[in-house]
Amino acid sequence: MSAQVHANESMPVRSLLAPLIAIVVGLFMVILDTTAVNVAIPVLADDLHSSLSLIQWTITGYSLAQAVVIPMAGWFSDRFGAKQTFIVSIILFTIGSILCAFAGTAEQLIAFRIVQGLGGGMVMPIAFAMTYRISPPESVGKIMGMMGLPVLLAPALGPVVSGYLVDYVNWKWIFLINIPVGIAGVIMSVLYLPNLPKKASAPLDYAGIALAPFAFGGLSYGLSEAGEGWSSARTIAGLTVGAVAMVLFVIVELRRKSESLLELRVFRSMQFTRGIVVQWVIQFTMFGLIFAVPYFMQRLMGMSAFEAGLWTLPQALASATMMPFSGRLFDRIGARPLVISGLALITVGAYLFSLIDPSDSPWLFLAPRALIGFGMGMSFIALNTHLIQAAPKELVGKVTSLTSAAQQVVGSFAIAGLTTLLVSRTNHYSKQGEAPIPDAMSHAFHNAYLLIAILAAVGLLLAFTLKRPAKEQATQPSVMMDAGV
């Protein structure tokens with residue numbers, strides 16, 4: 001099935017099944033892997049003889065690589081075709097998975113995870129863009145809602161599948177399991193995805209592409225090295241390079257007249273700026289807890305990776321339960337009540353984590369996990385829709401690219417920053433005479449949870465300043481513009 005599909009030409013519903021399955025296979029594989037490595041961090045650190053500060057880059061490097069390529073999804077789709085770009089992305093992700101499975105050192109694993117991220121970063125925006133383009137207009141909402149299921153299920157299943165493989169097989173199978181799935185995804189994509197026509201593409205923003213890794217990567221590296229001291233040469237070098245590159249990146253992006261890597265002019269809208277800062281707070285909280293809590297459970301409570309993975313399910317299920325209601329409520333009451341309520345739940349949940357000691361029952365995690373899940377589900381869709389509506393009308397098509405890339409960058413900052421806090425506070429309490437494990441590290445985790453709770457409270461206060469924008473044109477087509485529609 002490789003017949004040409006003209007621009008904006010949909011396919012009959014009956015013939016959509018095979019293309020949608022092909023898209024879901026690739027999408028599910030990539031999203032599953034974004035959360036799978038989190039519960040494996042303690043085992044990876046032991047097997048590869050690595051420190052926490054170094055091994056966390058298997059997550060941070062992956063996120064930063066995705067952040068770099070997400071804004072380029074639309075350009076590659078226009079230039080080379082959405083189907084071709086989707087297939088190449090899956091192939092690159094699968095190759096990265098093979099390399100990760102055979103990594104012998106932490107440094108090699110980090111490098112190969114970056115390859116994975118470069119491949120996986122464009123899969124989600126292109127997957128949703130293709131789905132939107134091939135769906136009949138009268139069925140777009142229903143089909144796009146169905147495509148949201150793997151986005152909800154994969155992050156929930158990732159830690160569970162990963163934990164099982166780490167405990168009962170080998171951590172290498174976290175990556176080896178992607179090989180048959182990737183091959184199946186490529187074959188199905190070649191056979192069943194339609195050849196959507198290419199579009200005229202603007203010149204690629206080479207300056208932005210060159211500066212972005214130095215800006216985001218330099219700042220993340222500086223933050224991660226700060227655990228050894230803010231005055232260390234590597235900390236200062238990383239932060240300096242990152243800050244200078246960030247200033248240059250902002251200047252280049254604002255001065256670029258044609259298609260920029262990230263459309264920063266959207267920040268001229270104060271409602272958009274306030275909204276995206278609130279979104280960054282939520283993302284920092286989410287990525288930080290996804291990283292910190294499984295490590296706490298394994299290192300200090302003696303849980304296996306599989307057990308720690310199972311304890312991520314209450315949060316994922318609560319979030320999935322709340323999201324449909326959030327979408328309906330948004331049309332009636334707007335974003336502010338939902339975001340305020342969601343951040344209130346997240347703040348309370350993060351604070352409750354700070355009260356849990358390693359000797360306590362793991363069932364104490366149930367309430368804060370559920371609260372954070374409900375809070376995330378309540379605020380996620382509402383805030384994303386608010387950002388689209390609050391953006392200047394002429395720039396609304398660039399919002400998704402900016403927010404998606406920013407989420408990955410904030411996630412990398414969260415993990416690097418919390419790692420630094422955990423290392424520095426563990427050293428601090430150890431110097432005061434506490435045993436490094438569990439006492440000093442337990443206190444360090446309590447500090448990290450409190451920091452997250454305070455940050456969520458700040459986001460809660462900022463959420464009170466959100467105002468309901470005047471209704472713009474339908475947001476769904478706008479969301480898809482970034483990925484080549």
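The values are calculated or read from the model by the stated rules, or taken from the named source; none is laboratory data. All of these numbers come straight from a predicted model, not from anything done at the bench. No Cβ is skipped: glycine too gets one built from the backbone with ideal geometry, and neighbour counts run over all protein chains shown. To get the accessible areas, we keep the full protein, side chains included, count just its heavy atoms, and leave off ligands, DNA and RNA. Shrake-Rupley method; radii C 1.70, N 1.55, O 1.52, S 1.80 Å.
A few remarks follow.
- Degrees, to the nearest 10: 233-255 long Cα axis against longest axis of the chain: 20
- If the convex hull is drawn through the Cα atoms of the stretch 206-260, its volume per residue in Å³: 53
- Solvent-accessible surface (1.4 angstrom probe) belonging to ASP46, in square angstrom, nearest 10: 80
- A simple charge model with +1 on the Cβ of Lys and Arg, -1 on the Cβ of Asp and Glu and nothing else charged puts the dipole of the chain at about 1440 debye relative to its Cα centre.
- One compactness figure for the stretch 246-325 is 1.66, namely its Cα radius of gyration divided by 2.2 N^0.38 Å.
- Cα gyration tensor shape of the stretch 26-129, rounded if a/c is under 1.5, else prolate or oblate by comparing a/b with b/c: prolate
- Unsatisfied cross-links (Cα-Cα over 32 Å) in the set LYS172/LYS431; LYS198/LYS393; LYS257/LYS467; LYS172/LYS199; LYS172/LYS198: LYS172/LYS431; LYS172/LYS199; LYS172/LYS198
- Based on protein heavy atoms only, the chain ends up with 41 Å² per residue of surface accessible to a 1.4 Å probe.
- Positive-pole candidate from ILE91, THR131, VAL24, dipole of the stretch 13-194, charges at beta carbon: THR131
- Probe 1.4 Å, all protein chains present, accessible-area order of GLU107, GLU253, GLU225, largest first: GLU107, GLU225, GLU253
- Sorting GLU263, GLU434 by accessible area puts them as GLU434, GLU263; the probe is 1.4 Å, largest comes first, and only protein heavy atoms count.
- As a rough guide to protection, the peptides 171-182, 81-92 ranked by mean Cβ packing within 10 Å, highest first, stand as 81-92, 171-182.
- Distance between the stretch 396-462 and the stretch 316-388 - C-alpha centres, whole angstrom: 18
- Protection proxy ranking of 362-373, 280-291, by the mean of other Cβ atoms within 10 Å over each peptide's residues and highest first, is 280-291, 362-373.
- Euclidean distance of C-alpha centroids, the stretch 219-244 and the stretch 290-315, integer Å: 29
- Most positive-pole-ward Cα, MET297, ILE388, GLY417, against dipole of the stretch 264-469 from beta carbon charges: ILE388
- Rounded tilt (10° steps) of 82-101 against the dominant C-alpha axis of the chain: 20
- Over the chain, DSSP H runs of length four or greater, each weighted -39,500 (n - 2.57), average out per residue to a 222 nm ellipticity of -24500 deg cm²/dmol.
- The residue among LEU329, LEU371, SER341 whose Cα reaches farthest toward the positive pole of the charge dipole of the stretch 323-394, with charges on the beta-carbon of Lys, Arg, Asp and Glu, is LEU329.
- Net dipole in debye of the stretch 215-333 [+1 Lys, Arg Cβ; -1 Asp, Glu Cβ; about Cα centre; nearest 20]: 460
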